[in-house]
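Trainee: Input: one structure, supplied below.
The values are calculated or read from the model by the stated rules, or taken from the named source; none is laboratory data. Values in this document were obtained by computation on a predicted structure and should not be read as measured data. Note: ideal-geometry Cβ built from the backbone for every residue, glycine included; neighbour counts use all protein chains shown. Areas reflect the complete protein model, heavy atoms only, side chains present, ligands, DNA and RNA absent. Shrake-Rupley method; radii C 1.70, N 1.55, O 1.52, S 1.80 Å.
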Amino acid sequence: LATQGDLEKLLLQWRQQHGPFFEFQVPGSPPVMVVSDPDAIREVYEVLQYHKSPRYQDLLPVLGSQSMVMSEGHVWQGQRAAFNPGFSSSFLKTALPGFISCTEHLVQRLEAAADQREVVRLHHLTVLTTLEIICKVGFGEDIDFLSGGRSGPLWSAFEGLGRHVAWFLDNVPFNWMKSLPWNVSKTQRLQQQLDSQLMAILVKRLQEMGISVDQQAAAALAATGAVSSSGSSKAASSSSSSSSSAAKCPFPGSSAGVAAAAADTPQP
């Protein structure tokens, strides 16, 4: 199977040739059924509730074991319910300026490309715009992924891990090589780099909410699944302060873990 490092492009090409349902198989691997019809996908996951493909495990280093993309059944339902307030109309109204700002940034990027007669990959730009929105709305960070921001430490960590994982996804015949000791070690190292960047942003955001998290509380956060790494800050706050501040978070499942972790930290 020659994907030339772009499995997504190949699947789109096959979709155009064979329609929304087709199957392929790599020698030595089980057959893969590709479904790209929205109604059929909804039937598979919501009505029939089939298990997700084992290939999702290849995304584990990037998404983490607690991700809703990875979970299924009652676990997924609980996670989705915890995040529902983050998609309420009241919260989305407050987040709307961030959406508009990032969308305008994308429009400016496209206008500049048009002026220069530059050919762009729209899918690539929309992915970068999505990252900008997540950082802005979810973490309160303004990062210019569409242009200069791609040289920063967060982008470098994200791109490094993403490219490492994507190589095994795109080069299906060599997917087994991800389990070799040196590749496992590299995956763990890249995960730690990304986790440290995300933890630094999370701790900063918690401090802005009035919750100070020290190293021990950060470790407790990682243990509860609220985050996937460790980080550091200065002093620990009281449990009452943590609980009241965490209530401001639109995602109560995460804020509960934040409050509990900070509350369990010994006070000076």
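Trainee: Kindly evaluate Q79 against the criterion of being open to solvent by less than 50 Å² (accessible area, probe 1.4 Å) and part of a helix (DSSP H, G or I).
Mentor: Taking the combined requirement at face value, the residue satisfies it.
Trainee: I would also like to ask the following. Within the range 177-190, work out how many residues are closer than 23 Å to K9 by Cβ and either exposed (fewer than 12 other Cβ atoms within 10 Å of the Cβ) or in contact (Cβ under 8 Å) with a residue 40 or more places away in the chain (or both).
Mentor: Summing the residues that are closer than 23 Å to K9 by Cβ and either exposed (fewer than 12 other Cβ atoms within 10 Å of the Cβ) or in contact (Cβ under 8 Å) with a residue 40 or more places away in the chain (or both) in the range 177-190 gives 1.
Trainee: Would you tally the residues in the range 191-203 being β-branched (V, I, T) and either open to solvent by 50 Å² or more (accessible area, probe 1.4 Å) or in contact (Cβ under 8 Å) with a residue 40 or more places away in the chain (or both)? Before you say what the answer is, go through the steps one by one.
Mentor: Taking the range 191-203 and keeping what is β-branched (V, I, T), we get 201, 203.
Subset that is either open to solvent by 50 Å² or more (accessible area, probe 1.4 Å) or in contact (Cβ under 8 Å) with a residue 40 or more places away in the chain (or both): 201.
Total meeting the criteria: 1.
Trainee: Go through the residues of the range 50-58 one by one and say whether even a single one is without any contact (Cβ under 8 Å) to a residue 12 or more places away in the chain, open to solvent by 100 Å² or more (accessible area, probe 1.4 Å) and not in a helix (DSSP H, G or I).
Mentor: Yes - at least one qualifying residue is present in the range 50-58.
Trainee: Still on this structure, please answer the following. Of all residues in the range 144-163 being surrounded by 14 or more Cβ atoms within 10 Å (Cβ to Cβ) and touching a residue at least 40 places away in the same chain (Cβ under 8 Å), which is nearest to F99 (Cα to Cα)?
Mentor: Filtering the range 144-163 for residues that are surrounded by 14 or more Cβ atoms within 10 Å (Cβ to Cβ) and touching a residue at least 40 places away in the same chain (Cβ under 8 Å), the one nearest to F99 (Cα to Cα) comes out as L146.
Trainee: Also, I was wondering about something else. Take the residues of the range 18-49 that are of a type in the set (S, T, N, Q) and either part of a helix (DSSP H, G or I) or under 25 Å from N175 (Cα atoms) (or both): which is most open to solvent (accessible area, probe 1.4 Å)?
Mentor: So in the range 18-49, the residues of a type in the set (S, T, N, Q) come out as 25, 29, 36, 49.
Still in the list and also either part of a helix (DSSP H, G or I) or under 25 Å from N175 (Cα atoms) (or both): 25, 29, 36.
Values: Q25: 117, S29: 42, S36: 39 Å².
Among those residues, the one meeting the criterion is Q25.
Trainee: Continuing with the same structure: Looking at L180, L194, L169 in this structure, which one is within 24 Å of K136 (Cβ to Cβ) and hydrophobic (A, V, I, L, M, F, W, C)?
Mentor: Details: L180 fails: within 24 Å of K136 (Cβ to Cβ); L169 fails: within 24 Å of K136 (Cβ to Cβ).
Answer to the selection: L194.
Trainee: While we're on this one: Of E118, E141, which residue is out of contact with any Lys or Arg (no Cβ under 6 Å at 6 or more places or on another chain), open to solvent by less than 70 Å² (accessible area, probe 1.4 Å) and outside any helix (DSSP H, G or I)? Give the derivation first.
Mentor: Working: E118 fails: open to solvent by less than 70 Å² (accessible area, probe 1.4 Å).
Criteria check complete, one pass: E141.
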